[in-house]
There are 2 protein chains.
Amino acid sequence: MQRPIAILDSGVGGLTVVREVMRQLPREKVIYFGDTARTPYGPRPAEEVVRFTDEIVTYLMQFKPKMIIIACNTATAVALEHIRSRVDIPVVGVINPGSRAAIKSTKSGIVGIIGTIGTVRSQAYEEALKRLNPNIHVASLACPLFVPLVEQGNFRSEQTFETIRSSLEPLKEIPLDTLILGCTHYPFLADTIGEVMGPGVKLISSDSETAREMSAILQETGKLAAQPELPVHQFFCSGDPRLFKRIAQQWLGEQIELTPVVWQIPQIG
Amino acid sequence: MQRPIAILDSGVGGLTVVREVMRQLPREKVIYFGDTARTPYGPRPAEEVVRFTDEIVTYLMQFKPKMIIIACNTATAVALEHIRSRVDIPVVGVINPGSRAAIKSTKSGIVGIIGTIGTVRSQAYEEALKRLNPNIHVASLACPLFVPLVEQGNFRSEQTFETIRSSLEPLKEIPLDTLILGCTHYPFLADTIGEVMGPGVKLISSDSETAREMSAILQETGKLAAQPELPVHQFFCSGDPRLFKRIAQQWLGEQIELTPVVWQIPQIG
């Protein structure tokens, strides 16, 4: 039996990573958990995010995944090391792949990061960037208004443009050439963010970068799926299943198999 | 003591990978071997390339590297699996990273590859691409005239443009949106290749992609260098040391420590 890749997120944002895995590695089976009942994680205290992430990982381990992807920047920032110490399979977050892509991209050595308050406060990107290359300069900015824009499906309105323009104002003063979209919701605003930042700034989306690193790690450890038939993915969410299903099918372009999960029942494991 | 990364190539082309490692991971120590006495590998029979690569790996193992990078497309194509079976450290070639970057980049699903005769004949890129994603369409083309242009330092002349334009003619008919520069020499011709192919074709250089995957694998296996002082790299070449030193210092922008190696002496190991 093929072992799946488990992908978890605070809600629907991590579906951007699922879409990239489906595109880059169509033979891999995905098990996705969106904690839509408790989204957003961004403003929550770190201990709470660690506990929630731990609960989801416990749930997902019943499917015997070969790898876990934490497709949420906030959860990666505060819970990655804890989850790594808990399971004996590779655990990949979105912060290292995004940081590595930024280091590959930057010529000026000045990298910007935008994310939730939780992600920016954790300084996880700064630490990841400097661990790889201590010469990188980093400018980070919390953009708490961006996730609500995406959740309203409000990608291209005049109000969206104005919110993004004024939010990013502080970064316009800095000679950065690379900007990490440090939240899985932000790729949906990439066109407008790009317009505001101008053509000299390359945007890094963690979704495609994470899928790509996952591919490298699976291949180097000899764990790439090899069977010819296409896998059937499975999705779980803790909140409104109809809303999740609608968004997932719209983003992934195909019907999905969804199981609602009620957190009030005793946890497995 | 810090364990180095061993990088080997048929000649000077792999210095593009060294430059990217120095840029992306400035704390890592590099041991480089350029087999300049026996370059180019492209037109040689596969068995000979395997034997040469094996000899270089035997030589480099005395430095107890933590990873080996085969920075030569021809050697990766024919010798990667053999070298992997011989040593108990990770061995990374340039073909998988380039293929993965191409899959991440392509929207049309049609990817072009240019390389030496040896690389194209091996079909190593086609196999790597289809192993990751069986839906990718591949068009490959051997460009035997490109390496001599680079070795003459002839990057931007009218003759160079004309050679590249006529060589790439067959690919212009194909609706590809991504072109893999499947030879470490080709990034030096990237400007002209890009001009000929047009803005709708993204060029993938294996040098920066390989350095980036190396970074991911070192990090996931907990082997990133962490000490604050900058490393002193070491270079070895089998051919003319003055020529190698001049090219290396020009490309890397710093003085290098070079040891000439004479292959006629009995091999170590």
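With label points set 7 Å from Cα along Cα→Cβ, the inter-copy distances at A:Glu127 are 4.2 nm, sorted shortest first.
Note that region A:166-237 shows a convex hull volume over its alpha carbon atoms of 156 Å³ per residue.
For the pair B:Asp191 and A:Thr221, what calculated FRET efficiency results from E = 1/(1 + (r/R0)^6), where r is the Cβ-Cβ distance and R0 = 30 Å, to the nearest 0.05? Between A:Thr221 and B:Asp191 the formula returns 0.20. Exposed loop sites are taken as chymotrypsin sites (Phe, Trp or Tyr not before Pro) in a DSSP loop (any state but H, G, I, E or B) with at most 16 other beta carbon atoms within 10 Å; the longest stretch of chain A without one runs A:1-154. Contact with the other protein chains removes 40 Å² or more of accessible area, compared with the isolated chain and a 1.4 Å probe, from these residues of region B:184-226: B:Arg212, B:Ala216, B:Ile217, B:Gln219, B:Glu220. For region A:95-206, the alpha carbon positions stretch 39, 27, 20 Å along the principal axes, listed from largest to smallest. Averaged over the residues of peptide B:29-42, the number of Cβ atoms from other protein chains lying within 10 Å of each residue's Cβ is 0.
How far is helix B:158-172 tilted, in degrees, relative to the longest principal axis of the Cα atoms in chain B, given as a value from 0 to 90 rounded to the nearest 10? Long axis of B:158-172 versus the principal axis of chain B: about 70 degrees.
Residue of chain A with the Cβ closest to the rotation axis carrying A onto B, and that distance rounded to whole Å: A:Ala216, 3. Could you work out how far helix B:73-86 tilts from the main Cα principal axis of chain B, as a 0 to 90 degree angle to the nearest 10? Tilt relative to chain B: about 40 degrees. In whole angstrom, note down how far apart the Cα centers of region B:36-72 and region B:8-35 are. Answer, in whole Å: 14. For region B:79-143, what class follows from the C-alpha gyration tensor (a ≥ b ≥ c being the square roots of its eigenvalues): rounded when a/c is under 1.5, otherwise prolate if a/b is larger than b/c, else oblate? Verdict is oblate for region B:79-143. For the residues of B:128-135, the average number of beta carbons from a partner chain within 10 Å of their own beta carbon is 3. Specify whether the C-alpha gyration tensor of chain A places it in the rounded, prolate or oblate class, a ≥ b ≥ c being the square roots of the eigenvalues: rounded for a/c under 1.5, otherwise prolate if a/b is larger than b/c and oblate if not. Judged from the Cα gyration tensor, chain A comes out prolate (a/c at least 1.5, a/b above b/c). May I ask for the distance between the Cα centers of region A:125-151 and region B:198-214, given as a whole number of Å? Between the Cα centre of region A:125-151 and that of region B:198-214, the gap is 24 Å. With a cut-off of 13 Å between beta carbons, the residues surrounding B:Val261 carry a summed charge of -2, where Lys and Arg count +1 and Asp and Glu -1.
Overall, the accessible surface of region A:146-210 at a probe of 1.4 angstrom is composed of carbon and sulfur to the extent of 51 percent.
Distances between placed amide hydrogens fall under 5 Å for B:Leu203 paired with B:Leu179, all partners being 5 or more residues away or on another chain. Within the straight-line cut-off of under 17 Å between alpha carbons, the aspartates and glutamates reachable from A:Lys245 are A:Asp9, A:Asp35, A:Glu151, A:Glu254, A:Glu257, sequence neighbours fewer than 8 places apart in one chain being disregarded.
Taking the label point 7 Å along Cα→Cβ, B:Arg242 and its counterparts in the other copies are spaced 8.3 nm apart, in ascending order.
Amide H contacts of B:Ile69: B:Ala6, B:Ile7, B:Leu8, B:Val92, each under 5 Å away and 5 or more positions distant or on a separate chain (H built 1.01 Å from N in the peptide plane; Pro and chain starts excluded).
What separates the B:Gly253 label point from its copies, with the point 7 Å along Cα to Cβ, is 4.0 nm, written shortest first. The residues of the protein assembly as shown present an accessible area of 40 Å² per residue when probed at 1.4 Å with all protein chains retained.
Report, to the nearest whole %, how much of the accessible area of region B:28-124 belongs to carbon and sulfur atoms, 1.4 Å probe, protein only. Carbon and sulfur atoms account for 54 percent of the accessible area of region B:28-124. Accessible-area loss of 30 Å² or more (1.4 Å probe, protein heavy atoms, chain alone versus all protein chains) is found in region A:78-126 for A:Arg100, A:Ile103, A:Lys104. Between chain B and chain A, the total buried accessible area stands at approximately 2900 Å², from heavy atoms with a 1.4 Å probe. Residue by residue, region A:37-49 carries 3J(HN,Hα) couplings of 6, 10, 5, x, 7, x, x, 7, x, 4, 4, 5, 5 Hz when phi is fed to the Karplus relation 6.51 cos²θ - 1.76 cosθ + 1.60 (θ = phi - 60°); x denotes Gly or Pro. When the listed pairs A:Lys202/B:Lys107; A:Lys172/A:Lys202; B:Lys64/B:Lys104; A:Lys223/B:Lys223 are checked against a 22 Å cut-off, the alpha-carbon distance exceeds it for B:Lys64/B:Lys104.
The values are calculated or read from the model by the stated rules, or taken from the named source; none is laboratory data. All values derive from a computational prediction rather than experimental measurement. Note that we place each Cβ from the backbone using ideal geometry, even for glycine, and neighbour counts take in every protein chain shown. Quick note on the areas: whole protein, heavy atoms, side chains included, nothing else; ligands and nucleic acids left out. Shrake-Rupley method; radii C 1.70, N 1.55, O 1.52, S 1.80 Å.
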